[in-house]
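Participant: Here it is: the structure, laid out below.
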Amino acid sequence: MTLIVTGGAGFIGSNFIFYMRKAHPEDRIVCLDKLTYAGNLSTLAPVMDDPNFRFVKLDICDRAGVFALFEEEKPDVVVNFAAESHVDRSIEDPGIFLQTNILGTATMMDACRTFGNVRYHQVSTDEVYGDLPLDRPDLFFTEETPIHTSSPYSSSKAGADLLVQAYHRTYDLPITISRCSNNYGPYHFPEKLIPLMIANCLNNKPLPVYGEGLNVRDWLYVEDHCKAIDLIVRKGRIGEVYNVGGHNEMRNIDIVKLIIKELGKDESLITYVTDRKGHDLRYAIDPTKIHNELGWLPETKFQDGIKKTIQWYLDNKAWWEEIISGEYQNYYEKMYGNR
Ligand code: NAD
Ligand code: DAU
């Protein structure tokens with residue numbers, strides 16, 4: 001079959017493409033990506049010469065371009081990863097988040113219903129559920145937890161999810177939605193907590209921890225997320241939402257200290273900075289549904305996954321050093337300069 005994978009030059013999308021080339025080499029993958037600051041064509045170098053792979057530079061909001069691509073490729077499945085994905089950037093400038101995350105999703109689904117009711121999968125996030133209190137470890141996000149967002153990013157993702165469900169009910173579009181917790185692994189853009197701390201540690205730069213570092217995230221190795229999406233696309237029930245998470249809750253400060261230890265640096269690098277506005281306290285996924293229905297379970301333990309990830313950043317310095325030497329420096333100064 002032919003899959004259109006949007007956002008495949010970013011973190012999770014590229015890992016998904018690598019996973020799919022190995023797991024289903026007979027499938028054709030067409031990667032559609034605008035190559036924003038977060039998209040990196042060099043990431044896709046290992047698959048560029050694969051005859052079953054094609055890269056197309058395109059904005060998911062470009063209706064004419066998207067429709068022409070559907071006409072040409074006649075896809076069987078669309079997996080939509082393309083998004084503006086960083087909470088801090090959404091707080092600075094929400095507009096592009098509404099554009100890409102909501103209108104872009106609608107454009108992709110309009111193409112799906114125009115060209116034969118194409119199977120559509122939306123890659124969403126646990127952030128649509130808002131947050132959980134720190135003192136109630138018994139609470140988890142289930143698929144029934146009400147949508148209750150905090151940031152412009154999570155609100156734009158929630159808006160997209162509602163549209164996806166509306167296209168199913170109104171047009172009978174065959175959709176599924178996955179809502180995953182925080183991913184980590186190779187090719188993670190160094191504006192996010194784990195790769196930022198690794199890069200700063202290696203450069204002996206201060207490690208900016210928001211607030212007191214007590215916020216909790218539920219970390220999942222990226223390949224486990226990719227496997228979950230593959231399963232949902234092939235075996236998931238149409239119209240359903242699946243939560244994806246690894247029961248691996250950690251406080252930010254503990255992650256930072258672990259990275260410092262693994263890299264043999266000193267905790268004096270830690271710098272507590274002004275908290276993120278509207279900062280979500282805790283995310284924690286209940287993955288019972290995807291486990292019971294599709295047999296999915298996370299395979300990589302955090303202690304192994306974080307070691308593999310740190311080693312990847314040590315072995316692939318050229319990839320992230322090129323990123324942090326460019327426009328990223330202006331971003332960093334703006335976000336952290338007076339914090
Ligand atoms: P990312 O920022 O690393 O990559 C996003 C990709 O989308 C980039 O390649 C970028 O060029 C592309 N893109 C952005 N706007 C586009 C547009 N208008 N048209 C076409 N391409 C565009 O993001 P990520 O961390 O890989 O996240 C991928 C998806 O997974 C997002 O939808 C995000 O909401 C979701 N998600 C992420 C996480 C996480 O921990 N990173 C967890 C759960 C869900
Ligand atoms: O839960 C899924 C979400 O996880 C995805 O939908 C988002 O696309 C993804 O970016 C991620 O969002 P977070 O806001 O949780 O990730 P981030 O890496 O930005 O931050 C993780 C935690 O670390 C958060 O509590 C804020 C904190 N933090 C982050 C940065 C960048 C710091 O303390 N210092 C930092 O410099």
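Participant: Please tell me if P195 is more than 16 Å from Y129 (Cα to Cα) and either polar (S, T, N, Q) or open to solvent by 20 Å² or more (accessible area, probe 1.4 Å) (or both). Lay out the reasoning, then the answer.
Facilitator: On the way: more than 16 Å from Y129 (Cα to Cα): yes; either polar (S, T, N, Q) or open to solvent by 20 Å² or more (accessible area, probe 1.4 Å) (or both): no.
Judged against the criteria, P195 is not a match.
Participant: So, one more: Checking F70 against (1) free of Cβ contacts under 8 Å to residues at least 60 places away in the same chain; (2) more than 24 Å from F11 (Cβ to Cβ): exactly one of these is not met. Which one?
Facilitator: (1)
Participant: Just one of the numbered conditions (1) away from ligand 2 (no atom under 12 Å from the Cβ); (2) buried (at least 20 other Cβ atoms within 10 Å of the Cβ); (3) within 27 Å of W320 (Cα to Cα) is not true of L202; which one?
Facilitator: (2)
Participant: Give just the number: which of (1) aromatic (F, W, Y); (2) in contact with a strand residue (DSSP E or B) (Cβ under 9 Å, 6 or more places away or on another chain); (3) within 15 Å of ligand 1 (Cβ to nearest atom) does F140 not satisfy?
Facilitator: That leaves (3) as the condition not met.
Participant: Next up: Please enumerate the residues belonging to the stretch 162-188 that are acidic (D, E) and without any contact (Cβ under 8 Å) to a residue 40 or more places away in the chain. I'd like the intermediate steps shown before the answer.
Facilitator: Looking only at the stretch 162-188, we keep the residues that are acidic (D, E), and these are 172.
Of everything in the stretch 162-188, nothing turns out to be acidic (D, E) and without any contact (Cβ under 8 Å) to a residue 40 or more places away in the chain.
Participant: Cβ-Cβ below 7 Å, separation at least six or inter-chain, first residue in the stretch 288-313 and without any contact (Cβ under 8 Å) to a residue 60 or more places away in the chain and under 23 Å from T176 (Cα atoms), second open to solvent by 70 Å² or more (accessible area, probe 1.4 Å) and assigned to a helix (DSSP H, G or I): which pairs?
Facilitator: If the second residue must be open to solvent by 70 Å² or more (accessible area, probe 1.4 Å) and assigned to a helix (DSSP H, G or I), the pairs left are L297/H291.
Participant: Further question: How many residues, within the stretch 132-181, are open to solvent by 40 Å² or more (accessible area, probe 1.4 Å), assigned to a loop (DSSP other than H, G, I, E, B) and more than 15 Å from I102 (Cβ to Cβ)?
Facilitator: Residues in the stretch 132-181 being open to solvent by 40 Å² or more (accessible area, probe 1.4 Å), assigned to a loop (DSSP other than H, G, I, E, B) and more than 15 Å from I102 (Cβ to Cβ): 14 in total.
Participant: Further, regarding this structure: Only one residue in G213, G246, G239 is more than 10 Å from ligand 1 (Cβ to nearest atom), assigned to a loop (DSSP other than H, G, I, E, B) and open to solvent by less than 10 Å² (accessible area, probe 1.4 Å), so which one is that? Don't jump to the end; show me each part of the working.
Facilitator: Working: G246 fails: open to solvent by less than 10 Å² (accessible area, probe 1.4 Å); G239 fails: open to solvent by less than 10 Å² (accessible area, probe 1.4 Å).
From the options G213, G246, G239, the qualifying one is G213.
The values are calculated or read from the model by the stated rules, or taken from the named source; none is laboratory data. Here the structure is a predicted model, which means the values were calculated and not measured. Neighbour counts run over all protein chains shown; Cβ positions are idealised from the backbone, glycine included. These accessible areas exclude ligands, DNA and RNA; they are computed on the full protein's heavy atoms, side chains included. Shrake-Rupley method; radii C 1.70, N 1.55, O 1.52, S 1.80 Å.
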